[in-house]
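This report refers to the structure that appears directly beneath it.
The values are calculated or read from the model by the stated rules, or taken from the named source; none is laboratory data. Since the structure is predicted, the reported quantities are computational estimates derived from the model, not experimental observations. Please note: Cβ atoms are built from the backbone with ideal geometry, for glycine as well, and neighbour counts cover all protein chains shown. Note: areas computed on protein heavy atoms with side chains; ligands, DNA, RNA excluded. Shrake-Rupley method; radii C 1.70, N 1.55, O 1.52, S 1.80 Å.
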Amino acid sequence: MKAIKNQEIRNKIGAYAFNKESNLIYFETLLENNKVNFMFDTGATSSVITDSTTISNFSTRTFNGIGSLKGADRKKTKRKILVSSIESPLFYSQNKVFSYLNMISTNKCAKKNEFQGILGVDIMFNDDLLLLMDFTNSKISYITDSDKKKIALNEGYQKIKSECKMNQIFIFLNINNNEYRFKLDTGFLGNLVIPYNENLKFEKDRNIAFEGEFFQTASGRTNGEEIFYENQQINLGDINVNSTLLISKSIKAQNVGINFIKGFDWIIDFYNNEVYIKKNNIEIESDLNNKMFQYRASERNNKIVVTIKQKKLNEYQLNDEIISVNDKTITSENICETVILLNNTANWDELKIKKR
């Protein structure tokens, strides 16, 4: 508690250009003078180190435990904290408190994460500066209140209903004449997600339902039914857009993700509880791809098993073991390339697959 109370974080006026080709936003930082890539996550209330190799003398460092971390599925993970220095073009701290959470996958075929840590809202608002998320020009900036007034007036931003509190940013969207409160979550690789409720009425719209381990959260893989709806009309102030919408039985958070967020430019005035947006030219996905995958597979204990399936399909069931593909028996040497082949093939009927 003393370390949390005493940490000092300074934000700096300026701009950081991110790679617009990446699905998420990454910050290059110096963590204890080591170059470390962090994911920029407005859905995280605190900042996290996820890879122990980024910390000097990790094995001898002192960790303290306090409270727990919760993922989007609301599962809790015990929180371990450490103090470290960090610097980037937009912020610096000599005594920043980080949570440590090992997110290195034990799946030998999993892609290596593009990031070694997560920058949460706790590092974003410390000096009465405003956050500008400019997806038109692929820039994150800190600006002053006078800058906000000039930009909002001259560039056509409009204020929308928002709620900024407890290191969280919420916006209010209207869907089917109902108002919904969504957390702004640049760490969620999706459009809009609403936790399942039997009173939700989207049945008349075209949808695709999946079941299985669809998402990675702070606590691990989710497991449940995920229903994607297409062409939902979303209203933000005077702006109307169409988007896909996920009704999830595994995700318990109601969030708006990066694939929707990047369709706008944003000014976030956290202390005055003001959020301004401007629609840009980035298209928001609204149609369900007719070639959307049927199944997904993963490596488990040197075996390939089905981990996600379209609910309506029954040729393969969750946890079925795949023993050969295109007459090639699964071995330790070819297991990862076979997982890639399966997961890059939308229609498994194009492959010759044998299961146990």
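What are the residues in region 1-51 that are of a type in the set (K, R), touching a residue at least 40 places away in the same chain (Cβ under 8 Å) and part of a strand (DSSP E or B), if any?
R10
Which residue pairs have Cβ atoms closer than 9 Å, lie 6 or more positions apart in sequence or on different chains, and pair a first residue in region 258-278 that is more than 19 Å from G187 (Cα to Cα) with a second residue that is part of a loop (DSSP other than H, G, I, E, B) and among the hydrophobic types (A, V, I, L, M, F, W, C)?
So the pair list comes out as Y271/F125.
Among residues belonging to region 93-110 that are modelled with pLDDT under 80 and either over 30 Å from A297 (Cα atoms) or not aliphatic (A, V, I, L, M) (or both), point out the one that is least open to solvent (accessible area, probe 1.4 Å).
Per the criteria, the residue is S105.
Pairs, please: C-beta under 6 Å, at least 6 apart or cross-chain, first residue over 13 Å from L192 (Cα atoms) and in region 284-295, second small (G, A, S) and modelled with pLDDT of 90 or more?
K291/A346; F293/A346
Can you tell me how many residues within region 111-152 are of a type outside the set (V, I, T), farther than 25 Å from V36 by Cα and either at pLDDT 90 or above or surrounded by fewer than 16 Cβ atoms within 10 Å (Cβ to Cβ) (or both)? Before you say what the answer is, go through the steps one by one.
Of all residues in region 111-152, those of a type outside the set (V, I, T) come to 111-117, 119-120, 122, 124-135, 137-139, 141-142, 145-150, 152.
Right, trim to farther than 25 Å from V36 by Cα and you get 128, 145-150, 152.
With either at pLDDT 90 or above or surrounded by fewer than 16 Cβ atoms within 10 Å (Cβ to Cβ) (or both) added as a condition, the list becomes 128, 145-150.
Adding up the residues that qualify gives 7.
Please note which strands (runs of 3 or more DSSP E) are completely contained in region 256-353 and include at least 2 residues that are open to solvent by 10 Å² or more (accessible area, probe 1.4 Å) and out of contact with any His (no Cβ under 6 Å at 6 or more places or on another chain).
274-279, 295-300, 303-310, 321-325
Any idea which of (1) open to solvent by 10 Å² or more (accessible area, probe 1.4 Å); (2) without any contact (Cβ under 8 Å) to a residue 40 or more places away in the chain is the one E226 doesn't satisfy?
(1)
Quick check on region 17-36: of everything there that is of a type outside the set (A, V, I, L, M) and under 26 Å from L192 (Cα atoms), which residue is surrounded by the most Cβ atoms within 10 Å (Cβ to Cβ)?
Across region 17-36, the extreme among qualifying residues is F27.
Give just the number: which of (1) over 30 Å from D145 (Cβ atoms); (2) among the basic types (K, R); (3) at pLDDT 95 or above does K279 not satisfy?
(1)
May I ask you to verify whether L200 is open to solvent by less than 40 Å² (accessible area, probe 1.4 Å) and either touching a His at 6+ places or on another chain (Cβ under 9 Å) or at pLDDT 90 or above (or both)?
no
Is there a residue in region 210-217 that is open to solvent by less than 40 Å² (accessible area, probe 1.4 Å), outside any strand (DSSP E or B), in contact (Cβ under 8 Å) with a residue 60 or more places away in the chain and not small (G, A, S)?
Going residue by residue through region 210-217, those that are open to solvent by less than 40 Å² (accessible area, probe 1.4 Å) are 210, 212, 215, 217.
Imposing the further condition that a residue be outside any strand (DSSP E or B) reduces the set to 215.
From what is left, the residues that are in contact (Cβ under 8 Å) with a residue 60 or more places away in the chain are 215.
Among the residues that remain, those that are also not small (G, A, S) are: 215.
Taking every residue of region 210-217 in turn, at least one turns out to be open to solvent by less than 40 Å² (accessible area, probe 1.4 Å), outside any strand (DSSP E or B), in contact (Cβ under 8 Å) with a residue 60 or more places away in the chain and not small (G, A, S).
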